[in-house]
Amino acid sequence: MIIKTNKSKTLLGLLIALFMISVTVGYAGDKLNPVKDLKVDLQGKLDGDTFIAAGVVSWVYPHDDNADGFNIYYAEGKTDDAKDLKLLGSIDKDDENNRQKDMFFFHTGELMSNHNIWTFTVTAFNEDGESDVVRFFYAEIKNNNPNHKAYITTHPELHAKIGTVYSYTPKVETDLDNYTLNYKLHVSPDGAKIDQSTGEITWTPSKSGRYHFGLIIEIIVGDKVVAVAEQVWDVTVFECDELAKIKGTVKDEDGNLISYGVVSIFNFIQRDGKNTKGPVIQIKFSNGEFEFSNLDKGEYYILVEAFSNNNTTGYYPNWYENAANFDHATPLVVECGDEVELAFVMKAIPHPKHHTVKGKIVDSETLEPVKFSMVEFIGRDKNSDKTQSFVFKVNDHGEYTGSLPDIYEYIAVANGHYFSDNHNTTSAYFPQYYELADNPTDAKVITMNEDKTGIDFFLKAIPNYENSISGTVVDSNDTVLPGVEVIAFLVNTDGKHTKYLYVGKSTKTDEYGSYKIDNLIPGDYVILAIPHNDKMLSPGFYVEQDIATIYWEHATRVAVEETGDSGPYKIVLTLTDKIHGKGIVRGKVGKHKKGLVKSGEEVQVVDAVNGASVYLLNSKNTVTMNMTTDDLGSFELSNIAAGTYTLVIDKIGYSASTTEITIGEESVVEKEFEMSPTGPTGVNDNDMSTFGVDVYPNPASEFITVEFNQTEVNATVTLMNYAGIVISNQSTANAISTYVINTNDIPAGVYFVKVQSGSSISIKSVVVVK
């Protein structure tokens, strides 16, 4: 085999290097997305016993991902073993000679083989490493007779106008003398036709937009196809006779022109009958100036990404007008013949300050250190939606220490395992989020504005069940969705596992959209999928043979036994139907009105509902926006078009709250919501609106206060340890509004306060520290 290249690094070596990086404790960088739609088109011939081929490797990759370039690997023959692959070459992501929008190309040069088949794969890379290999492409010389070649030598017009006939007649060159041609238009917009005698393509567009064409020309000798030529292209259809122009400047906060970067324009396209984001055009700018010409009338969303002198992202992405992400971007309305001038001011990404974070991970019942455990801090930058993960292991005392940059807000989660059955069997703890949260939606956000200590975790040991829930997450086109968070919530179980009700265990889908959650408490579950990386998709709960629902109580219950896999369950997520405007909806969510108090001019939620899902539904009952409430139960949805909507608040373990709202052109709507806990077993935090209980402080040290929301209550207050052993049991009098439990004489650990009044029961967990 002969091939010219100046690199000999094998994929196996890169994979080993990447593995060494991934297991380094203390830091794990962003995982690069794999490439999509890998294809290889080879032409060539047979020379004696040797096949000689050359062609084009193509793939798709999103322009806004943080890859620097791509490595192209190949092997002679067909293989599915990465060890057989060798580096064919590399290209830079920003090399305009090898890309067209989000599609990239690599010309192979001459390849030789004793067999008419080669294996290819492509990975993305940056300074932190390389993306996963998700598929191999097996390519062979396409010509039935590899001694003959055919080429399309003409280029189609890439623009058209509404109501005007678009035409293109392709020309072919071949090394044959006597042949016939067969024309196939295998991809085309509605109404396009091809003349079999001349190959002329004609089409009269009726609507502006971008349309895809795919042409195949077969070279036929006798009754055999001896060569094939193929051509694909996009045609942009304009409505305007006089096209519009957008130009502008890009400066830093000091007024200096920024040297270089990229400006992208998006508009809305129709997909599955809904509006969704579609790319229009992308250009590089230099010396702080950019210009788009030949734009049709319409609404455009403009993104500027500026770079520092070392070719790294030195500034936060900036959507028009001064928005951190597409959700909050303002559309720019352009008419025919307009010349629009814009000025972007870019906010520099600060050099982060690092602060120390310390804590411990202990068993919630024994308070012994969990030696085989680690904590992960998942940071999110509000200015860019970028996320980064930091992982720290504990020492033999169950303590960890780490350093975190202050540019992120963090959610922390601890995991661990222990040995049981005389140290022969490994059992797991339930993952726990800070503070004492059982799932990521309830996790408290940590801001690293100073050194922080006492970020502690009290893990609950569970039996080692050999069971799991598995499946896939897809969109409505059945396209798999990688990187989606999937949470299985326990919603019904037997009496001995009641304390685990509404606990959630999570994972993320792999590059194939697959998920698997194992070691689950037996019972009935609902499964929630949250697409963090695609804000055009709505979160949803699994519904059997249907699209996902936003209501947990409408979700299909799936049964999990003590052993065996439950599934597969396909969760089908739908697109949001986003129409931008200038309206705002903000509000606060609490468990009951007693929790809403006024402090100065600010309404605070004492018993706030954190992690509640907030959905805005339009008149078609389709989600247009969604988010979750913060630690104070607060939420704000902005850039909403005028109209009438349904606002839905939903959370596991609570009854959903819905209300109709009307939003004007620039109106602000403020709402306060109450959510009532509910559950299939009758064991709830607050089973009735007349029977509310607060338990504080948490964590506690010397005492626990149980406070009722009314004075006329006959109740029994029981304190139990984690194993369910009763520590104290006392009945309260009618006139009492608070009850105090002395904790001076009990050991530190996790306890449960059970309050029962008639048929109403409230159970709350509390940590006692010493």
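Residues that are without any contact (Cβ under 8 Å) to a residue 40 or more places away in the chain and assigned to a loop (DSSP other than H, G, I, E, B) do not occur anywhere in region 355-367.
Please tell me if residue 109 is closer than 23 Å to residue 213 by Cβ and not in a strand (DSSP E or B).
Against the criterion (closer than 23 Å to residue 213 by Cβ and not in a strand (DSSP E or B)), residue 109 does not qualify.
Looking across region 318-339, the residues that are open to solvent by 30 Å² or more (accessible area, probe 1.4 Å) and more than 20 Å from residue 636 (Cα to Cα) come down to 333, 335, 336, 338, 339.
Listed by position, the strands (runs of 3 or more DSSP E) enclosed by region 375-443 that each have at least 3 residues that are touching a residue at least 40 places away in the same chain (Cβ under 8 Å), out of contact with any Ser or Thr (no Cβ under 8 Å at 6 or more places or on another chain) and surrounded by fewer than 19 Cβ atoms within 10 Å (Cβ to Cβ) are 387-393.
When region 286-295 is limited to residues that are on the phi < 0 side of the Ramachandran plot and modelled with pLDDT under 90, the one that is least open to solvent (accessible area, probe 1.4 Å) turns out to be 295.
The set of residues from region 388-416 being in contact with an Asp or Glu (Cβ under 7 Å, 6 or more places away or on another chain) and among the polar types (S, T, N, Q) comprises 388, 389. Taking the residues in region 446-465 that are among the β-branched types (Val, Ile, Thr) and open to solvent by 60 Å² or more (accessible area, probe 1.4 Å) as candidates, determine which candidate is nearest to residue 415 (Cα to Cα). So the residue we want is 453.
Considering only residues in region 27-70 that are open to solvent by less than 20 Å² (accessible area, probe 1.4 Å) and over 21 Å from residue 229 (Cβ atoms), the one that is modelled with the lowest pLDDT turns out to be 32.
Which of the strands (runs of 3 or more DSSP E) found entirely inside region 116-172 contain at least 2 residues meeting this: modelled with pLDDT of 85 or more and of a type outside the set (Ser, Thr, Tyr)? Don't jump to the end; show me each part of the working.
On the way: elements: 118-126, 137-139, 150-152, 159-161, 166-168.
The qualifying strands (runs of 3 or more DSSP E) are 118-126, 137-139, 159-161.
Only residues that are part of a loop (DSSP other than H, G, I, E, B) and either buried (at least 19 other Cβ atoms within 10 Å of the Cβ) or modelled with pLDDT of 75 or more (or both): list them for region 759-770, please. The answer is 769, and nothing else. Look at residue 512 and say whether it is farther than 27 Å from residue 394 by Cα, among the hydroxyl-bearing types (Ser, Thr, Tyr) and in contact (Cβ under 8 Å) with a residue 40 or more places away in the chain. Yes; evaluated as a whole, the condition is true for this residue.
Please tell me if residue 582 is surrounded by 21 or more Cβ atoms within 10 Å (Cβ to Cβ), of a type in the set (D, E, K, R) and touching a residue at least 12 places away in the same chain (Cβ under 8 Å).
no
Summed over region 193-249, the residues that are open to solvent by 20 Å² or more (accessible area, probe 1.4 Å) and among the aromatic types (Phe, Trp, Tyr) give a count of 2. Put simply, of 198, 202 the only residue that is of a type in the set (Val, Ile, Thr), outside any strand (DSSP E or B) and farther than 21 Å from residue 56 by Cα is 198. Summed over region 349-372, residues that are buried (at least 20 other Cβ atoms within 10 Å of the Cβ) and in contact with a Leu (Cβ under 9 Å, 6 or more places away or on another chain) total 6.
Within region 465-523, the set of residues being more than 20 Å from the chain's Cα centre (by Cα), acidic (Asp, Glu) and within 21 Å of residue 433 (Cβ to Cβ) comprises just one member, 518. State whether the residues of region 97-107 include one that is modelled with pLDDT of 85 or more, open to solvent by 20 Å² or more (accessible area, probe 1.4 Å), over 21 Å from residue 227 (Cβ atoms) and within 34 Å of the chain's Cα centre (by Cα). Taking every residue of region 97-107 in turn, at least one turns out to be modelled with pLDDT of 85 or more, open to solvent by 20 Å² or more (accessible area, probe 1.4 Å), over 21 Å from residue 227 (Cβ atoms) and within 34 Å of the chain's Cα centre (by Cα). Taking region 690-722 as the range and being touching a helix residue (DSSP H, G or I) at 6+ places or on another chain (Cβ under 9 Å) and at pLDDT below 65 as the test, only 722 passes.
Looking at region 530-572 only, could you name the residues that are outside any loop (DSSP other than H, G, I, E, B), open to solvent by less than 40 Å² (accessible area, probe 1.4 Å) and among the aliphatic types (A, V, I, L, M)? Those that are outside any loop (DSSP other than H, G, I, E, B), open to solvent by less than 40 Å² (accessible area, probe 1.4 Å) and among the aliphatic types (A, V, I, L, M): 530, 537, 558, 560, 571, 572. Looking only at region 341-348, decide whether some residue is among the hydrophobic types (A, V, I, L, M, F, W, C), modelled with pLDDT under 90 and open to solvent by 60 Å² or more (accessible area, probe 1.4 Å). Taking every residue of region 341-348 in turn, none turns out to be among the hydrophobic types (A, V, I, L, M, F, W, C), modelled with pLDDT under 90 and open to solvent by 60 Å² or more (accessible area, probe 1.4 Å).
In region 725-758, the qualifying residues are those that are in a loop (DSSP other than H, G, I, E, B), touching a strand residue (DSSP E or B) at 6+ places or on another chain (Cβ under 9 Å) and open to solvent by 40 Å² or more (accessible area, probe 1.4 Å), and the one that is modelled with the lowest pLDDT is 736. Applying the criterion of at least 3 residues that are under 17 Å from residue 327 (Cα atoms) and modelled with pLDDT of 85 or more to the strands (runs of 3 or more DSSP E) found wholly in region 588-676 leaves 613-617, 623-628, 634-640.
The values are calculated or read from the model by the stated rules, or taken from the named source; none is laboratory data. In this text, all values refer to a predicted model and were calculated from it rather than measured experimentally. Note that we place each Cβ from the backbone using ideal geometry, even for glycine, and neighbour counts take in every protein chain shown. We work out accessible area using only protein heavy atoms, side chains counted, and drop any ligands, DNA or RNA first. Shrake-Rupley method; radii C 1.70, N 1.55, O 1.52, S 1.80 Å.
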